[in-house]
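For reference, the structure is listed below as structure tokens.
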Amino acid sequence: MKSVAERITEKILPLQGGMNFRDMGGLETSDGRRVKQKILFRSGELSKLTIDDKRLLESFQIKSILDYRRQAEAERKPDPAIGQAVYERYSASVAENITNDRSGKTKDYYLQFTNERFLHSYAIMAIKNPAYKRLMEKVKTPEVHLPLIHHCSLGRDRTGVGAMIILMTLGVPFDKIVDDYLLSNQFLEPFYQKIFNKVAPHVSEEELNGFKHGFLLKPDYLTAAMNSILHHYGDIENYLIQEFGITSEIRKKIQDYCLE
């Protein structure tokens, strides 16, 4: 089994301004195939990409960029143009999403990032979400819309659920999907430390530890999304058909295109 460091090295792209930007390729599916490299990318916000970063991404002939952020987030840090890629924004945030209120970064703001609230947000995020419906419309015709970048602000929660949906469509086992999801904790470690240092003066030590416990990604969060899918639809096949119109024939076409 590859170490965390090895998995990070094989997924990281040499981008100077990337935020948790990584290739979704390389993961093994249940039938022994692997997700192709350089056709599916996940990321945080893209506003800091350098000219050289954009030139590298243009070399991959990116066709689609799907932004999961709310309008206010996208306006604060707009996506740059990347070659001829078609940009679309479909908010994946839900009514109870913990990032909805960013009006004041006070103690109360930081302390809303609890384990319980993340679990709730993940549980409802994957059900009847217009952003993921649009994502899978693109994935259904990979020859038209891939290579694709999908992203949010940090590339972990909203993008994590989107990545889960793509990877389970491709037949990647859930434990491998979770392992890949948790890599965001490694990629974002410098960002996390800045946030923890910023929060520390405003809260007690106990409150800071509680904030850290809730904010760091955990397997339970993505499992909450999967359990919600199984609760509503019974199995992955019904979920793909009823949510996205992905029949077994369409799923096979997607897999044949995206796997090697």
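Is it true that Q61 is modelled with pLDDT of 95 or more and farther than 20 Å from E243 by Cβ? Yes: the conditions hold for Q61.
Pull up segment 175-232, narrow it to residues that are of a type in the set (K, R) and at pLDDT below 95, then point me to the one that is farthest from the chain's Cα centre (by Cα). Give the derivation first.
Step one: of segment 175-232, the residues of a type in the set (K, R) are 176, 194, 198, 212, 218.
Applying the additional criterion that residues be at pLDDT below 95 yields 194, 198, 212.
On the way: K194: 21, K198: 25, K212: 20 Å.
If we take residues in segment 175-232 being of a type in the set (K, R) and at pLDDT below 95, then K198 is farthest from the chain's Cα centre (by Cα).
Where residues in segment 180-194 are of a type outside the set (A, V, I, L, M, F, W, C) and free of Cβ contacts under 8 Å to residues at least 60 places away in the same chain, which of them is surrounded by the fewest Cβ atoms within 10 Å (Cβ to Cβ)?
Filtering segment 180-194 down to residues of a type outside the set (A, V, I, L, M, F, W, C) leaves 180-181, 184-186, 189-190, 192-194.
Adding the requirement that they be free of Cβ contacts under 8 Å to residues at least 60 places away in the same chain leaves 181, 185, 189-190, 192-194.
On the way: Y181: 24, N185: 16, E189: 10, P190: 7, Y192: 16, Q193: 10, K194: 10.
Top of the filtered list is P190.
Conditions (1) buried (at least 20 other Cβ atoms within 10 Å of the Cβ); (2) at pLDDT below 95, marked per residue:
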site: D31; (1), (2): no, no
site: F41; (1), (2): yes, no
site: L57; (1), (2): yes, no
site: A95; (1), (2): no, yes
site: D101; (1), (2): no, yes
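Scanning segment 35-83 for residues that are of a type in the set (K, R) and more than 17 Å from the chain's Cα centre (by Cα) returns K36, K48, K54, R55, K63, R76, K77.
For segment 1-19, a tally of residues being touching a strand residue (DSSP E or B) at 6+ places or on another chain (Cβ under 7 Å) and either at pLDDT 95 or above or of a type in the set (K, R) (or both) returns 1. Given the structure, is M168 under 15 Å from the mean Cα position of the chain (by Cα), closer than 24 Å to A92 by Cα and surrounded by 21 or more Cβ atoms within 10 Å (Cβ to Cβ)? Considered against the rule, which asks whether it is under 15 Å from the mean Cα position of the chain (by Cα), closer than 24 Å to A92 by Cα and surrounded by 21 or more Cβ atoms within 10 Å (Cβ to Cβ), M168 comes out as no. The set of residues in segment 225-260 that are assigned to a helix (DSSP H, G or I), β-branched (V, I, T) and touching a residue at least 60 places away in the same chain (Cβ under 8 Å) comprises I229, I236, I250, I254.
The values are calculated or read from the model by the stated rules, or taken from the named source; none is laboratory data. Worth saying up front: this structure is predicted, and the values here are computed from it rather than measured. As a convention, Cβ positions derive from the backbone with ideal geometry for all residues, glycine included, and neighbour counts pool all protein chains shown.
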